[in-house]
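A short worksheet on the structure shown next.
The values are calculated or read from the model by the stated rules, or taken from the named source; none is laboratory data. This structure is a prediction, so every number in the text was calculated from the model and none was measured. We place every Cβ from the backbone using ideal geometry, glycine too, and count neighbours over all the protein chains shown. Just the protein is used for accessible areas: all its heavy atoms, side chains included, with ligands, DNA and RNA removed. Shrake-Rupley method; radii C 1.70, N 1.55, O 1.52, S 1.80 Å.
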Amino acid sequence: MATNPAASKENFEELRRDEDLYEMSLDLLAYYLDTAFEDAAAGEVERWTVSCLPGSGDAAPLFSLAVGSTEVLRLDKPAGGADGSVTCLASVAVSRSALEDEAGTSLGAVKKALPAVRFLPDESDASDAVVVVVNLFDDSSLGAFEELSGSGRPIRRLADQLEGMESDDHHNTWLARAALDRIASAPADEAV
């Protein structure tokens, strides 16, 4: 049986060719995994999988992280605008209820207070999920996301709600190992 390209070493090596995007990918993956799980390594494949998709066309993500069967993190390839600006969008799924608990207000009020990020309607199986779209090349967007995810509870609560995998044929063990190594090498007193 042929290996799914998302799970291939070739796709991992292609992502590694662009050092900046590779480092950004590892930082995001390590942050989400370390925040979502007490022991991310223990849940690999059973709780979460990562796909590596850098050669799949302009609209495809560089990678996609799923917890259970729900996509919780996606990094799209940078895109240039007509005005010369470059955007690099990350879509991050969090728990709507934890987000509202932390903010002390409704999701609608959070959306109005943080116009630098976009919120997508929930299209997952997890009714408590909300997707926050962050432009990683925009300081105000990054700042808004940091404000939203500060304690990590919105990420952890969603991961706790999601169930195991349906299939691991798209899991890229090379990218997963690199992210887990990034977590393991972080100083004990610092977050990833």
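Among the residues of region 21-55, write down those that are of a type outside the set (Ser, Thr, Tyr), crowded, with 22+ Cβ neighbours inside 10 Å and within 16 Å of Pro154 (Cβ to Cβ). Passing the criteria: Leu28, Leu33, Ala36. Which of the residues belonging to region 119-137 are open to solvent by 40 Å² or more (accessible area, probe 1.4 Å) and at pLDDT 85 or above? Within region 119-137, Leu120, Phe137 meet the criteria. Could you list, in sequence order, the residues of region 141-192 that are surrounded by 19 or more Cβ atoms within 10 Å (Cβ to Cβ), modelled with pLDDT under 90 and more than 30 Å from Glu14 (Cβ to Cβ)? Scanning region 141-192 gives Ala144, Leu148.
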